[in-house]
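The values are calculated or read from the model by the stated rules, or taken from the named source; none is laboratory data. For clarity, every value in this text was computed on a predicted model and none was experimentally measured. Quick reminder, even Gly has a Cβ in these numbers, built from the backbone with ideal geometry, and neighbours come from all protein chains shown.
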Amino acid sequence: MKHFYAMIMAGGGGTRLWPMSRQDKPKQLLPLVEDDSMFKVSVKRLAPLFTPDRIYVVTGRKYFDTLRADVPEIPEENFIIEPYGRNTAPAVALGLTVIKKRDPEATIAILTADHHITRKEDFRNVLAAAYDMAQDGHIVTLGISPSYPATGFGYIRRGEPIRQINGFDCYQSLGFTEKPNLEKALEFLASGEYSWNSGMFIWKAEQAMNEFKRQQPEMYNQFAEIEKAVDTPEFEETLDSAWDNIKGTSVDFAIMEHAENITVIPVDIGWNDIGSWSALFDVLKLDRYGNHFKGKSPDKVNLDTRNTLVYSEKLTVTIGVEDLIIVETPDALLICHKDRTEDVKEVVNLLLRNKNYKYL
């Protein structure tokens, strides 16, 4: 699999994890679950399937120095820098363009820097199986076996089985459904035909760009011009001049929803999209009362406290509380009911509207 590459998407803001996640240090740069940053963990779990020279990172300019210092073994030229965020379709197209120019035979796994995966060997094994499927012309997406009727994830419906590779069942995809309401999510779960859309997919670079050519011809032509400048002194200037005119849209909407020959591999790899404070309860080690205290200070005092998460660098005392999220940073303090963590994003929007930029 010498032509197999991992492309880690490491932009984004993680606004629902405010006040720890900020514009200058979003969640992928934070040690939210393990001692290392989520980005570093996402790189480490790829070994030994991918050596550092076959790992690429797509990110923004303001994150490059931190990411590079976090994982210096990845070659500097493997960091692909967006001028600024334009959603996932341009980011994916940019990564594909650079890698394909350097290796026209490349097969690429599109991954993210902010997912938590506990079954790391299973994850590598399913990527290897997806690589084999991609060699036969399939665009492969990893579907996560749903454990509850989630309304915050997209879903993939599986059709007829295609074949089994290394113990993984591969199915024809019958299409994507964006985040459903609860009634629809319950139907999906009861049917047994649906997986959560993990946002991870594996495809040949040439086939991927052909999908851009078929579905997004204007964007394809723009990146064809950018490709001519890859690895030349004119690359950055060419990219900057083109970037403003490239349509900002998601890769799911632009490509995946109508791509041809999509295969889904349902997997249980201990996956969690750490998208909110409440999601951390699913992956952190809790005490017998359902609490977790995290921070540099070893001191903590909790009396009659249950189902509460505390991130703090100082002694934090909780008495007679339950179902709370308490997050303390040098300039902000969040106290939130566990059931309202999705509203943290609205706090960020409010700060933005009020021009409180120093807290963002």
Exercise. What is the one condition in (1) acidic (Asp, Glu); (2) in a helix (DSSP H, G or I); (3) touching a residue at least 12 places away in the same chain (Cβ under 8 Å) that Glu328 does not satisfy?
Worked result: (2)
Exercise. Is there a residue being surrounded by fewer than 18 Cβ atoms within 10 Å (Cβ to Cβ), touching a residue at least 12 places away in the same chain (Cβ under 8 Å), over 28 Å from Glu237 (Cβ atoms) and touching a helix residue (DSSP H, G or I) at 6+ places or on another chain (Cβ under 8 Å) anywhere in segment 92-104?
Worked result: no
Seminar exercise, completed: In segment 313-323, residues that are surrounded by 18 or more Cβ atoms within 10 Å (Cβ to Cβ) and under 30 Å from the mean Cα position of the chain (by Cα) total 0
Seminar exercise, completed: Counting only residues in segment 34-43 that are surrounded by 18 or more Cβ atoms within 10 Å (Cβ to Cβ) and of a type outside the set (Ser, Thr, Tyr), the one farthest from Leu280 (Cα to Cα) is identified as Val43
Problem set entry | Selected residue [closer than 20 Å to Met9 by Cα, among the β-branched types (Val, Ile, Thr) and buried (at least 16 other Cβ atoms within 10 Å of the Cβ)] from Thr141, Thr118 | Thr141
Seminar exercise, completed: Among helices (runs of 4 or more DSSP H) entirely inside segment 1-112, those with 2 or more residues being at pLDDT 95 or above and either small (Gly, Ala, Ser) or over 30 Å from Asn356 (Cα atoms) (or both) are 38-44, 88-102
Problem set entry | Exclusive hit being assigned to a helix (DSSP H, G or I) and in the same structural domain as Glu105 (by TED's automatic domain parsing), set Leu189, Leu174, Leu142 | Leu189
For this session: Considering every residue within segment 254-261, establish whether at least one is out of contact with any Leu (no Cβ under 9 Å at 6 or more places or on another chain), part of a helix (DSSP H, G or I), surrounded by fewer than 17 Cβ atoms within 10 Å (Cβ to Cβ) and in the same structural domain as Arg102 (by TED's automatic domain parsing).
Result: yes
For this session: Please state which of the following conditions Ser250 fails to meet, knowing it meets all the rest: (1) farther than 28 Å from Trp18 by Cβ; (2) at pLDDT 90 or above.
Result: (1)
Problem set entry | All positions within segment 269-284 that are over 17 Å from the mean Cα position of the chain (by Cα) and assigned to a loop (DSSP other than H, G, I, E, B) | Leu284
Seminar exercise, completed: Scanning segment 69-92 for residues that are under 16 Å from the mean Cα position of the chain (by Cα) and of a type outside the set (A, V, I, L, M) gives Gly85, Arg86, Asn87, Thr88, Pro90
For this session: Go through segment 117-131 and count every residue that is more than 13 Å from Ile165 (Cβ to Cβ) and in a helix (DSSP H, G or I).
Result: 5
For this session: Kindly indicate the residue of segment 44-76 that is acidic (Asp, Glu) and free of Cβ contacts under 8 Å to residues at least 12 places away in the same chain and also surrounded by the fewest Cβ atoms within 10 Å (Cβ to Cβ) among those meeting that condition.
Result: Glu76
